[in-house]
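The values are calculated or read from the model by the stated rules, or taken from the named source; none is laboratory data. Keep in mind the model is a prediction, meaning the values are calculated, not measured. Don't worry about glycine lacking a Cβ; one is built from the backbone with ideal geometry, like all the others, and counts go over all protein chains shown. In case anyone asks, the SASA skips ligands and DNA or RNA and just uses the protein heavy atoms, side chains included. Shrake-Rupley method; radii C 1.70, N 1.55, O 1.52, S 1.80 Å.
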Amino acid sequence: YETGKLSEAPAPKFRDYVRWLKSAAQTNANPFWADYLRNARLDAKIGGSRKSHHTLLRQVDSDAEKEVRAGAAASRTTVHSLVLGLWALFLSAWTKQADTIFGLTVSGRPPELPNAFAHVGVLFNTVPFRFQVDHEEPIGDMVQRVHANYASLASHELTPLSAIRQDASIARETELFDTVAVFLNHGFLVQGDRLGACEVSDVAYNSRSSYALTFRVMERSPMTLELLYDESVLERPHAVAILESLDSALHLIANGSDQRAGEIVSLLGRA
């Protein structure tokens, strides 16, 4: 916009994406989700009214942010995998269960989609992410398992939740998950940012969710953690304590490859 130059080619039409999505769903029909969710406990664990949400933001310290990125690189995984592992550990602490399931939001722009990043609009999808926490497992090994688990979903991440229910023979009234983890490779605007000739002087965010808890991580510096919580589930002081413990645990996961998963669960359980 600043240069006044526009792409000569028009953006792909959304109806073409819908046609491609239907075609992909037909070719990917398989028992994956039935196997993935077999014997899982799918009863709601968090609860809440889902009527009123509040948002908390916390910027990761710049030195800690470097440690997180370095830790992901050293383990040959990604910051995304660290975040997914962190939320699985939190849910294990919250529910006192090793078998955790939460919603994983994906971009909806896989490499197979023609001109994936030329499409305008939000193509997000949310699918179940299931992870079995082993309290005796070193954190480094756990993150590797999280990474492999996420990779296994790659060719199935566009499956609608309705189709997942059907494939896994799950009743419509059964809730697959009531918390969601979202990883965004962009950041929030913060005071002092510049947009062309304009400087950002005041920023306010208001998010909504249909889930009891939504944990979002904005990767771009300054790396920011967001907890969107149902006020019928958490009071603000408790939510603040949870977000602070998530921040602390993220640093430990990045640096403590030999630390046991159970130690992180204990830390998160004290929030």
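Structure notes:
- Taking the DSSP bridge list for the chain and keeping only pairs wholly inside it, about 75 percent are antiparallel.
- Nonlocal amide H pairs with Asp99, under 5 Å, H built at 1.01 Å: Val133
- Stokes-Einstein D in µm²/s, Kirkwood radius over Cα pairs - the chain at 10 °C with 1.306 mPa s viscosity: 79 µm²/s
- Lys pairs under 29 Å by Cα in the chain, provided they are eight or more residues apart or on distinct chains: 4
- For the range 190-271, alpha-carbon Rg and Dmax in angstrom: 16.1, 50
- Å³ per residue enclosed by the Cα convex hull of the range 117-181: 140 Å³
- When the chain is described by a simple charge dipole with +1 on each Lys and Arg Cβ and -1 on each Asp and Glu Cβ, the residue from Phe129, Leu153, Ala9 located farthest towards its positive end is Ala9.
- Distance between the range 218-270 and the range 127-148 - C-alpha centres, whole angstrom: 16 Å
- Solvent-accessible area of Asp202 with every protein chain in place, 1.4 Å probe, in Å² to the nearest 10: 130 Å²
- Cα lying deepest toward the dipole's positive end in the chain, options Leu91, Pro111, Ala74, charges on Cβ: Pro111
- Translational D in µm²/s for the range 224-269 (Stokes-Einstein at 4 °C, 1.567 mPa s, Kirkwood Rh from C-alpha pairs): 112 µm²/s
- Cβ-derived FRET efficiency at R0 51 Å, Arg15 paired with Glu137, nearest 0.05: 0.65
- Here the 3J(HN,Hα) profile of the range 132-140, calculated from phi with Karplus coefficients 6.51, -1.76 and 1.60 at θ = phi - 60°, is 8, 7, 10, 5, 8, 7, x, 4, x Hz, Gly and Pro shown as x.
- Inter-label distance, nm, simple model (7 Å from Cα along the C-beta direction), Val240/Ser162: 4.3 nm
- Residues listed by number, the range 80-109, amide nitrogen under 13 Å from Asn39 label point at 7 Å toward C-beta: 99
- Simple Cβ-charge dipole of the chain, Lys/Arg +1 and Asp/Glu -1, about Cα centre, in debye nearest 20: 820 debye
- For the chain, leaving out every one of the trypsin sites (Lys or Arg not before Pro) that falls in a DSSP loop and has at most 11 other Cβ atoms within 10 Å, the longest unbroken run is 97-171.
- Heavy atoms of Tyr211 accessible to a 1.4 Å probe, total area in Å² rounded to 10: 50 Å²
- In Å², nearest 10: area of Glu235 left accessible to a 1.4 Å probe: 140 Å²
- Each helix, a run of at least 4 DSSP H residues, gives -39500 (n - 2.57); summed and divided by the residues of the chain, these come to -11500 deg cm²/dmol at 222 nm.
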